[in-house]
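The values are calculated or read from the model by the stated rules, or taken from the named source; none is laboratory data. Since we're looking at a predicted model, the values are computed, not measured. Heads up, the Cβs are rebuilt from the backbone with ideal geometry, glycines too, and the neighbour counts pull from every protein chain shown. Surface areas here come from the heavy atoms of the whole protein model, side chains and all, with no ligands, DNA or RNA. Shrake-Rupley method; radii C 1.70, N 1.55, O 1.52, S 1.80 Å.
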Amino acid sequence: IKAVQDAGYGASEKGAARPQSESEIPADTEVPRMRNRLIASLVFLAVLMYVSMGHMLGLPLPGIFHADPIAGGIVQMLLAGIVMVINQKFFVSGFRSVLHGAPNMDTLVAMGSGVSFLWSVWVLLRSSYERAMGGNAEMPEFYFESAAMIVTLITVGKLLEAVSKGRTTSALKSLLQLAPKTARVIRDGQEQEIPAEQVRLGDIFLIRPGDSIPVDGIVLEGESAVNEAALTGESIPADKSPGSAVSAATINQSGFLRCEATAVGGDTTLSGIIRMVSDASATKAPIARTADKVAGVFVPAVIAIAVITLVIWLLLGQTLAFALERAIAVLVISCPCALGLATPVAIMVGSGRAARSGILFKTAAALESAGRTGIVVFDKTGTLTEGVPAVTDVIPWQGVTDAQLLTAAASLEQHSEHPLAGAILRYADERGIVPAGVTGFQAHPGGGVQCMQDGQLCGGNARLVQQQVQLPAELVDRAEALASEGKTPLFFAKDAQVLGLIAAADVLKPDAAAAVQALQGMGLRVVMLTGDTERTARAIAGKAGIAEVIAGVLPSGKAEAVRRLTREGNVAMVGDGINDAPALTVAATGIAIGAGTDIAVDAADVVLMRSKLQDVPAAV
């Protein structure tokens, strides 16, 4: 660790630097520090430029500067020295890297600025000596303003870079905010509320309706529906019963669960996602690695050219002063202002143009890699689809009207919190149907609901409804056909009468097919990646015009799938959920839908502010 730190980098023991809670994430001090450094540099640089070049613009200068150019030189030296001390980091890093035999861009910045300053000091001393000896009083040519301008310009680029890096910190904070702070556990036969980080493997913990689950575990008792959208991105809650696995940061919606802890602390699924976002965002873009390699050759080459320039002018009979000025000019002109300043500014201009179209590029690498995209990977839920279920089919059974079926369904579902119930109620409301009053409401997690309303009303899956009435084979076949299209069929019955079937599904966004077609028209390969079942995924992909589907994958699996695809081309991943964050960071270009979660937006390289899929081909 000491050797790495001596070489100018940071190091710590594996895992020691990874925060486990929001409070452990260090505040982003780099951006404020760089901003203050830049402001201070600009203030002194402005005064320096006025003193050194004001006379060229006809600006009034104190009389002493006209009467004695040496006085002006001394003031310029002091101002340039202050700016260089403010930006001393370039000199420390640059010369330290030379001592370790690995010169970098900071080396060129330090050399360009340092040599300009030292040469100007020499000119100042020589001019002072000549004046003292009765020589001419011409205004000597100083390079103090160049010495200060170089480090100030590069600081602008460094500030833009720091702003971009600061986004990783906010992404990690957003992820850690999901984890609940406390847990209810059974200790010594008593229920106790303890901090979540104190839960141990094998502890029995209790989850009431509305609670956020503190650690990964397995259900021992109880049945419930758990909203796992935080991890899987799927809008429909997963049904849990004894033997089912539960994950930290997911939310219990209905029943009471008694669970055993199977993974705690850094081993939970949520911690795994945090670890992947942290690790992936710590890796360098390929172009950044290329720049480092170029710097290793560029710096020695520039120094060599400067030396050759000095030698050639001396051989041609010029004075040492003349030859030195030309050698210094090579060093100053070679200072990488293009890499340090022009590129970030060009990126800002390009990003501004994109932002006016609702496309936010976060980094230089994002602009570059987006243009090289060969494979576009879409998440399904909330990205290609709306993310909330909507009623797609209403099929009344013999003698029952649409209005009768919808009235019964809305009456039955009005007290349910299930997303499918919400879809039915919204659909009924749009058609002016008012639910009737009911009594004896009873929910069956994973099955459906029952209540009384002039008889026994029942709705849900085939298993539950068949306990009350015999379902016709024809209606069951219709339900299976709808299920094959990725829809969720719900049966409804009243007493011994079958009322019909209502199907709901997470529907495709209106512009999804057009966006996919546009990408394919550009010669790009389009893939759909989802945690949903193969059958549902294929049904949605077919409507969107996507032939290649990777289904049934967990968040870590999404990142691995993107990593595999990366071997075949430059991958752009389009997603909206927390579960997409690792895949967004692994992809060459992560594209987040603006209406998605804050974490996805923070983890991505590109954000589609208008949440329009048509902006994906526009970004490329």
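Points worth noting:
- Accessible area expressed per residue, the stretch 464-620, with surrounding protein chains retained (probe 1.4 Å, Å²): 38 Å²
- Where Rh is the Kirkwood radius over Cα pairs, Rg/Rh for the stretch 469-557: 1.13
- Hydrodynamic radius (Kirkwood) for the stretch 528-608, which is based on Cα pairs only, to one decimal in Å: 12.6 Å
- Straight-distance candidates among the lysines for linking to residue 293, with alpha-carbon spacing under 22 Å and chain neighbours fewer than 8 residues away dropped: 89, 158, 165, 284.
- A Cβ-based charge dipole, computed about the Cα centre of the stretch 54-149 with Lys and Arg at +1 and Asp and Glu at -1, lands at about 280 debye.
- Volume per residue that the Cα convex hull of the stretch 409-466 spans, once the total is divided by residue count, Å³: 77 Å³
- Against the compact-protein benchmark of 2.2 N^0.38 Å, the Cα-based radius of gyration of the stretch 466-620 scales to 1.26.
- Across the stretch 470-482, coupling constants 3J(HN,Hα) worked out from phi with the 6.51/-1.76/1.60 Karplus curve, θ = phi - 60°, read 7, 7, x, 4, 5, 6, 5, 5, 4, 5, 5, 5, 5 Hz, and Gly and Pro carry x.
- Once the Kirkwood radius over Cα pairs is known for the stretch 367-488, the Stokes-Einstein relation at 10 °C and 1.306 mPa s delivers a diffusion coefficient of 96 µm²/s.
- To put it simply, the accessible area of the stretch 352-485 at a 1.4 Å probe is 49 percent carbon and sulfur.
- Tail beyond 20 Å, pair distance distribution of the stretch 424-497 (Cα, percent): 38 percent
- Label-point separation, residue 220 to residue 141 (7 Å along Cα→Cβ), nm: 8.5 nm
- Between residue 429 and residue 444, the modelled labels are 2.8 nm apart [label points 7 Å from Cα along Cα→Cβ].
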